[in-house]
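As structure tokens, the structure follows; a few thoughts come after it.
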Amino acid sequence: MYRTHNCNSLRKSDIGKTVTLAGWVHVSRDHGGVIFIDLRDREGLTQVVFRPEENAEVARQSHSLRSEDVIQVTGKVAPRIVGTENPKLATGDIEVVAADLRILNRAADLPFQLDTEVHNEDLRLTYRYFDLRRPRLARNLRLRHQVTKATRDYLDAQRYYEVETPILSKSTPEGARDFLVPSRLTPGKFYALPQAPQQYKQLLMVGGVEKYFQIAKCFRDEDLRADRQPEFTQIDIEASFVMPEDIFTLTEGLLAAVFKAARQIEIKTPFDRLSYREAVSRYGSDKPDRRFGMELVDFSEEFRSSSFKVFRGTLDSGGVIKAINAKGFAGITIGQADDLTERARLFGAKGLAFIKVEGGEWKSPIVKFFTETEKAALQAKLAVEEGDLILFAADKWEIACEVLGRLRLRVAEMQQLTAGSDELNFLWVTDFPLLQWSAEENKWNAVHHPFTRPKTEDLGLLEEKRFGEVRAEAYDVVLNGVEIGGGSIRIHEPDLQAKMFEVLGVSGETQQAEFGHLLRAFRLGAPPHGGIALGLDRLVMLVCGEEGIREVMAFPKNNRGMDLMTQSPAEVDPRQLRDLGIKLAKDK
Ligand code: ASP
């Protein structure tokens, strides 16, 4: 046996026992010839002390120990000297007095220290197998395991079957670029890695599975933004004979089970709900963070006949006037004000008007244009008080909402409104638009995906080609301003699906070539069905209280999509390319 206990298990009640521990030398300290070691394993730390009077040879050997050497120690559990206990450590009352030491393996020069923060992420990722020894990452992987286990247990109890779907699959239109895999046996043809198991899970419903889930790997070849990964994991769910209500209840139960298992937290269900329109109108976002107020308030009516040209012009051309009250932020610095103005421009505003409420006065070059009635309206609807900062947006509805939504988040960050908060604010956002016009492609695109069902009451609008007004039976679940999942009720009728493809500009021929399997399946008695997918990495990130998904993935790629540890992507042997019938452009 390598050990009798792990490094997080010895307590006062074990004093006097002879034990054997094995693990890594976390840190070692030399106190006048007596060596103290924090011995670390996955579970925690235990202090080991090497005293010459206990075993001179072992004590001598202990002088050679360096951080990350792997050792086995046998000795007696003893109380720590009074006053040297460490209440922050579960094993902080005791130490093990070493009688025997075996060095199982030495660690060479370390790429970096594990007991300090390392800010060079590429270095951390190059030595990921080493970095994973950090207690924080060990905890994150443990929590990730607890989340997936709770997911499986919960869905199993709800009689969902876990079914695997292919990784070598066919392109699915989830909105990103596919990763392609060349087929050697059918030269010139390609598999695609799934962006999501969307079509397979719908086909499982046609196959009568009724309740499906999968902890599914998904692959999207996107330009990488800060916290994106080319491969990530979803908790993917689909069920037959369901309404949105069924999916809401199931998901709420699942999230409750997850937070209970991983964090021993009881979350409050059911979650609040907002329609997309209301979320954007009140918070300027389809994934609002509602841990703080600062809601967007509309003043279009109040300023209808304003003498302020900017407001009047906007309203006359069909735009809106909106404002937020950043409570107590009148003391904003010039740098912060510039930051907000720059952001407002970035998201489409022509400028940023604001009023500081200071010394009983409204300070702003625009106040002189306001009538008493207009001021009274601002005062009342924004509950203006001494010390407040009012920010305005005058623009098309979409832009005004987006700009103020972004500023709302930025101000909250500047004022540290959520710092140290442990609130878990869940929300459903429903009734998303079905379609979105792309000026770039000059066509309508699906907001969610092409299999999402229009709301029954909006089918008429679809017929009338008022595409922008059609709402989808689609929903997102949001936690503290982060979208953690989304799904929809699907189209199950072949004719409606074909119609949807047509609206999206997919010709009849392409429909048959790319989606023939789905359209044929729908002609064989497809049940009404719907589902959802939760982003496992994001969810675990929030469960762990981490800021980025890379901290909760064992072997993530860096922000350029590279695996620095294995140096992938990499060139391959020309023979492999020849077998695949692939010639690189640079070979020419
Ligand atoms: N497949 C969708 C996605 O990955 C989720 C769903 O509609 O169930 O976003």
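A short reminder: the numbers here are calculations on the coordinates, not readings from a lab. From a predicted model like this one, the values you see are computed outputs, not experimental measurements. Cβ coordinates were reconstructed from backbone atoms using ideal geometry, including for glycine residues, and neighbour counts include every protein chain displayed.
The alpha carbons of the stretch 143-281 stretch over 54, 38, 33 Å along the principal axes, in descending order.
Here the simple spin-label model places points 7 Å from the Cα toward Cβ, and for Glu493 and Ala513 these points are separated by 2.9 nm. A simple count of charges around Glu402, restricted to other residues whose Cβ falls under 11 Å of its Cβ and scoring Lys, Arg +1 and Asp, Glu -1, yields +2. Compared with the dominant principal axis of the Cα atoms in the chain, helix 135-157 is inclined by about 60°. Estimated purely from DSSP H runs of n ≥ 4, each contributing -39500 (n - 2.57), the mean residue ellipticity at 222 nm for the chain is -9000 deg cm²/dmol once divided by its residues. The Ser421 and Ala157 beta-carbon pair, evaluated with R₀ = 35 Å, returns a calculated FRET efficiency of approximately 0.65. Using the charge dipole of the stretch 455-555 (Lys, Arg: +1 at Cβ; Asp, Glu: -1 at Cβ; taken about the Cα centre), state which of Val543, His517, Val506 has its Cα farthest towards the positive end. The Cα lying farthest towards the positive end belongs to His517.
Would you work out the relative contact order for the stretch 104-215, in percent, from Cα pairs under 8 angstrom that are 6 or more residues apart? Result for the stretch 104-215 is 21 percent. Potential lengthening of the chain between Lys586 and Glu278 amounts to 105.6 nm, from the contour at 0.36 nm per residue minus the alpha-carbon distance.
Whole-Hz Karplus values for the stretch 38-44 come out as 8, 8, 10, 10, 3, 7, x Hz, taken residue by residue from phi with 6.51 cos²θ - 1.76 cosθ + 1.60 and θ = phi - 60°; glycine and proline positions read x. Here the label points at His145 and Glu386, each 7 Å from Cα along the C-beta direction, are separated by 5.8 nm in the simple model.
A dipole drawn for the chain from +1 and -1 charges on Cβ atoms has a positive end, and of Thr452, Leu123, Met205 the residue lying farthest that way is Leu123. Take 10-18, 377-385 and order them by the average number of nearby Cβ atoms within 10 Å per residue, most first; the result is 377-385, 10-18.
Look at the alpha carbon pairs under 8 Å that are at least 6 residues apart: their mean separation over the length of the chain gives a relative contact order of 13 percent. The ranking of His529, His26 by Cβ neighbour count inside 10 Å, starting from the fewest, reads His26, His529. Other residues lying with their Cβ under 13 Å from the Cβ of Arg304 contribute a combined charge of -4, Lys and Arg counting +1, Asp and Glu -1. Each residue, Lys170 and Leu224, gets one label point 7 Å from its Cα in the Cβ direction; the gap between the two is 3.1 nm. Bridge orientation summary for the chain: considering DSSP beta bridges with both residues in this region, about 90 percent are antiparallel. For the chain, the percent of C-alpha pairs falling in each 10 Å distance bin, counted from 0 to the bin holding the largest distance, reads 3, 13, 19, 20, 19, 14, 8, 4, 1, 0. Looking at the stretch 1-68, the chymotrypsin sites (Phe, Trp or Tyr not before Pro) that sit in a DSSP loop and have at most 10 other Cβ atoms within 10 Å of their own Cβ are Tyr2.
Taking the Cα centre of the chain as origin and assigning +1 to Lys and Arg Cβ atoms and -1 to Asp and Glu Cβ atoms, the resulting dipole is close to 1040 debye. Taking other C-beta atoms within 10 angstrom as a stand-in for reagent exposure, Met553, Met562 fall in the order Met562, Met553, fewest first.
Between Leu459 and Glu413, the C-beta separation translates, for a Förster distance of 56 Å, into a calculated FRET efficiency of about 0.85. Short-range pairs are left out: with C-alpha atoms under 8 Å and at least six residues apart, the relative contact order of the stretch 288-378 is 27 percent. Taking Cβ atoms as reference points and 13 Å as the exclusive limit, the residues near Met243 contribute a net charge of 0, counting Lys and Arg as +1 and Asp and Glu as -1.
Please go through the stretch 89-128 and write out the GluC sites (Glu not before Pro) that DSSP classes as loop and that have at most 12 other C-beta atoms within 10 Å. Passing sites in the stretch 89-128 are Glu117. Sparse packing (at most 16 other Cβ atoms within 10 Å of the Cβ) combined with a DSSP loop state is found for the following trypsin sites (Lys or Arg not before Pro) in the stretch 25-111: Arg42, Arg66, Arg80, Lys88, Arg106.
For the stretch 90-159, the fraction of alpha-carbon pairs lying more than 16 Å apart is 69 percent, rounded to a whole number. An oblate overall shape is assigned to the stretch 311-366, the ratio a/c of its alpha-carbon gyration tensor axes (a ≥ b ≥ c) being 1.5 or greater and a/b not exceeding b/c. When the pairs Lys350/Lys465; Lys211/Lys260; Lys211/Lys287; Lys170/Lys465; Lys217/Lys557; Lys443/Lys586 are compared against a 26 Å limit on Cα-Cα distance, Lys350/Lys465; Lys211/Lys287; Lys170/Lys465; Lys443/Lys586 fall above it.
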